[in-house]
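Notes to accompany the following structure.
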Amino acid sequence: MTSRILVTSALPYANGPIHLGHLVEYIQTDIWVRYHKLRQRHCVYVCADDTHGTPVMIRAQREGVTPVELVNRMHQEHVADFTAFHIAFDNYFSTNSEENRLLSQEIYQKNRQAGHIQVKNVRQAYCIHDNMFLPDRFIRGMCPSCKALDQYGDACELCGTTYAPTDLIEARCALCNHPPEERESEHYFFQLNHFETFLKEWCQSESVQPEMSHKLDEWFKEGLKDWDISRDGPYFGFEIPDAPGKYFYVWLDAPVGYMASTLNWCQRTGEDFDLYWRSSDHSEVYHFIGKDIVYFHTLFWPAMLHGAGFRTPTAIFAHGFLTINGQKMSKSRGTFINARTYLKFLSPEYLRYYYATKLTSRVDDIDLNFEDFAFRVNSDLVGKVVNLASRTAGFLHKFFAGVLSTPYPTDGGLFETFVQTSEEIAHFYQEREFNKAMRSIMTLADQANRYIEQQAPWVLAKQSDGEARLKLHETCSVALNLFRLLILYLKPVMPELAKQTEIFMNLAPMVWADGATPLRGHQVGVYQHLCQRVDPKQIELLLNEAKEEMAPLKSPPKELESSAIPIDQAAEIGMEEFSRVDIRVARILSANSVPGADKLLDLVLDVGNLGQRRVFAGIKVAYDPALLAGRLVAAVVNLKPRKMKFGVSEGMVLAAGPGGSDLFLLSPDSGAKPGMQIK
């Protein structure tokens, strides 16, 4: 690695609090950064709040505050949550900053000068009552696909179909409830296809994980599309410098926030910004992101940087989503847990350790199973690691004034084994195989505990002869030396436990190289309790409070009430109309993700004597496609086929719930057969 390492996590959106799903990424990144710092490398971790865009405008308006007031408040809340979970940013900034504005403008202007920006006329919804073009989220209406009411102007939350705002049926302005009209507007497009050759070469240079590379191949085969980087005002964001009334789309200036946070850090510390972002000869840049934003980070972001003459990332590391107790995070089930709620009941370091036991270098989802969580914490941390100190430190003080033996005792090669294993553990940290690192550490802990069991210091302490006392002193000295190494290896994951251990053992802040030699004749402090067992009752209280927190929100302000068209106030229909809907039992034969669609799954259904049907269903965020094959569902089979850009959808599967991850497929009993009519 080069002498400078710059690391970022994806910027959390300033529209809501940090939750346990977010923390997968920040904990993963923080562990990696802490490992490099433990190796005494120049490693800088920067991040920022992603502040711009329509959702922030809407929330601010509903709360009766300005967008700036909202993002400033959320910034303080985010910083508090990250700090509580020991996420140690070197700089945590905001995209709503002068640094970000100037860098966004520079990237845009250089790309435009190089011929990579094209101006096109597009037709958009315009509200004559409010005298404004309406961003996607300022338009509500009926989904053109499933006819659900009160849907946003970009995608249906019920069926998952994506569409243009102009496709909405009976569209209404979300501010005044008046129907908009269509007007032409100039928009600015980044021509991504100009960078196809460069992007293919960049993606083949091990800058992305193999799973991501396969996904990119699909997008290349589909063809790279121009990207609309502009929005009409009013819009909370940066105005495009040569286009009054036009604003950068939030996804243009959001990743520039990585650079802006770096620049702000450089201004504070006297470092040279150019060494990090204008040249790849002096530094390495790594992005940690979720798999849902791979498209932006592996196509648009490196292309924009390259087009503007900046360096591109050394590598982008994507991770999967978090499930809780085997299910998608769900507000109704009480498994949508905010960081602040978790902290009321459980130690942040326990979550850091549990995530570490699950995290790999692959783009895999990880599951927070609370039963397994309690077992691992109680067995590994309390029963194996801290147990070494708690069972021996008292004897050391009672009989030997708290001083370790000199010279280091014969321990059957244990200390040497621990030192040799450090390179294996270091390799696992380096390659982001944290689960393997934790297994290696706990294997060492098992060996240390076997040694304690064999030596039985509690038996030796009852004997007063010189030989027993010598053996007791040696046993305690070996145990505490091995304990120190285990804590050193765990320090990237559990920095607070390491800090408390350093205080207890009278140590300077440990670095990786300290593990090469044992402590001899060293004064150890009086042992204080370092780790508590997880009480299952605390987990129960946590889950119950999470459910209570997600009770229905208060009604919006009166001035916005007219913008809501309740989905449960659909026009009544008679039995004759209802009887025309043909609902059948169907078995899912296959389920696959749809390239380029965040919410859709491509389902092939067996409908008995009616044959097979292909259905595009907006259930991707609620269901893992790998787990759907063979499942019975209820399907509407006489729905008029709908041509979509992905293919023709020949029906609809039925589900209940508000949408997103809170969506539940309607499934007939196991005795039902494909083709049976549901009445």
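The values are calculated or read from the model by the stated rules, or taken from the named source; none is laboratory data. These figures come from a predicted structure and were not determined experimentally. All Cβ positions, glycine included, derive from the backbone under ideal geometry; neighbour counts span all protein chains shown. For accessibility, only protein heavy atoms count, side chains too; no ligands or nucleic acids. Shrake-Rupley method; radii C 1.70, N 1.55, O 1.52, S 1.80 Å.
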* Translational D in µm²/s for the stretch 374-430 (Stokes-Einstein at 10 °C, 1.306 mPa s, Kirkwood Rh from C-alpha pairs) -> 114
* Asked: Given the protein chains as shown and a 1.4 Å probe, how many square angstrom of H178 are accessible, to the nearest 10?
  -> 90
* Asked: So how strong a dipole does the chain carry about its Cα centre when Lys and Arg Cβ are +1 and Asp and Glu Cβ are -1, to the nearest 20 debye?
  -> 1180
* Asked: Amide H of Y623: which non-local residues (sequence gap of 5 or more, or other chain) have their own amide H closer than 5 Å, using H built in the peptide plane?
  -> none
* At each listed q (0.12, 0.16, 0.21 Å⁻¹), what is the log10 of I(q)/I(0) that the Debye formula gives for the stretch 75-189 modelled as equal alpha-carbon point scatterers? -> -0.71, -0.90, -0.98
* Asked: Once the dipole of the stretch 619-660 is set up with Lys and Arg at +1 and Asp and Glu at -1 on Cβ about the Cα centre, which of L639, Y623, G657 lies farthest towards its positive end?
  -> L639
* **Residue-wise HN-Hα coupling along the stretch 8-19, computed from phi with Karplus coefficients 6.51, -1.76, 1.60 (Hz; x: Gly, Pro)** => 10, 10, 4, 6, x, 6, 7, 9, x, x, 7, 10
* **Solvent-accessible surface (1.4 angstrom probe) belonging to V403, in square angstrom, nearest 10** => 40
* Structure fact -> Over 22 Å (Cα to Cα) among K200/K225; K147/K620; K215/K620; K200/K221; K328/K673; K436/K537 -> K328/K673; K436/K537
* Structure fact -> Dipole check, the chain, charges on Cβ (K,R +1; D,E -1), about Cα centroid: among F375, T357, L252 the Cα furthest to the positive pole belongs to F375
* To do: Mind sorting out which of (i) 47, 36, 26; (ii) 52, 32, 23; (iii) 36, 30, 28 is the real semi-axes √(5λ) of the Cα gyration tensor in Å computed from the coordinates?
  => (ii)
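Calculate how many DSSP beta bridges within the stretch 1-160 are antiparallel, expressed in % of all such bridges and rounded to the nearest 5.
Of all bridge pairs located within the stretch 1-160, approximately 30 percent are antiparallel.
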* Structure fact -> Dipole check, the stretch 249-332, charges on Cβ (K,R +1; D,E -1), about Cα centroid: among V294, H306, L263 the Cα furthest to the positive pole belongs to V294
* To do: With a 1.4 Å probe and every protein chain left in place, tell me how much accessible area C143 has, in Å² to the nearest 10.
  => 0
* **Semi-axis lengths (Å, descending) of the ellipsoid that matches the C-alpha gyration tensor of the stretch 312-374** => 23, 14, 12
* Structure fact -> The percentage of Cα-Cα pairs in the stretch 577-651 separated by more than 19 Å is 33
* Structure fact -> Counting only protein heavy atoms with a 1.4 Å probe and every protein chain in place, the carbon and sulfur fraction of the accessible surface of the stretch 135-290 in whole percent equals 45
* Asked: Ignoring ligands, DNA and RNA, what accessible area per residue does the chain give at 1.4 Å, in Å²?
  -> 43
* Counting only C-alpha contacts under 8 Å and six or more residues apart, can you give the relative contact order of the chain as a whole percent? => 15
* **Percent RCO, i.e. relative contact order, over the stretch 209-301, from Cα pairs under 8 Å lying at least 6 residues apart** => 17
* Asked: Ordering S261, S145 by how much accessible area each has at a 1.4 Å probe, largest first, what is the list?
  -> S145, S261
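If the convex hull of the alpha-carbon atoms of the stretch 469-535 is projected onto planes in all directions, what is the mean projected area in square nanometres?
Numbers: hull surface 21.8 nm².
With every direction weighted equally, the projected area is 5.4 nm².
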* Asked: Among the lysines, which have Cα under 24 Å from the Cα of K471 when same-chain residues fewer than 8 positions away are ignored?
  -> K384, K398, K462
* Asked: Which order do K499, K679, K599, K640 take when ranked by solvent-accessible area (1.4 Å probe, heavy atoms of all protein chains), largest first?
  -> K679, K640, K499, K599
* Rounded to 5, percent antiparallel among DSSP beta bridges of the chain -> 70
* To do: Just flag the trypsin sites (Lys or Arg not before Pro) in the stretch 174-241 sitting in loop per DSSP whose Cβ has no more than 14 other Cβ atoms within 10 Å.
  => K225
* Sequence of H397, H19 from largest to smallest accessible area, 1.4 Å probe -> H397, H19
* What value, in deg cm²/dmol to 500, does the helix sum -39500 (n - 2.57) over DSSP H runs of n ≥ 4 give at 222 nm once divided by the residues of the chain? -> -11500 deg cm²/dmol
* Check every DSSP H run in the chain and write down those whose alpha carbon atoms cover 18 angstrom or more along the long axis and whose mean Kyte-Doolittle hydropathy is 0.5 or greater. => 466-490
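Stretched out fully, how many nm does the piece from L102 to H397 gain, at 0.36 nm a residue minus the Cα gap?
Between L102 and H397, full extension yields 100.1 nm more.
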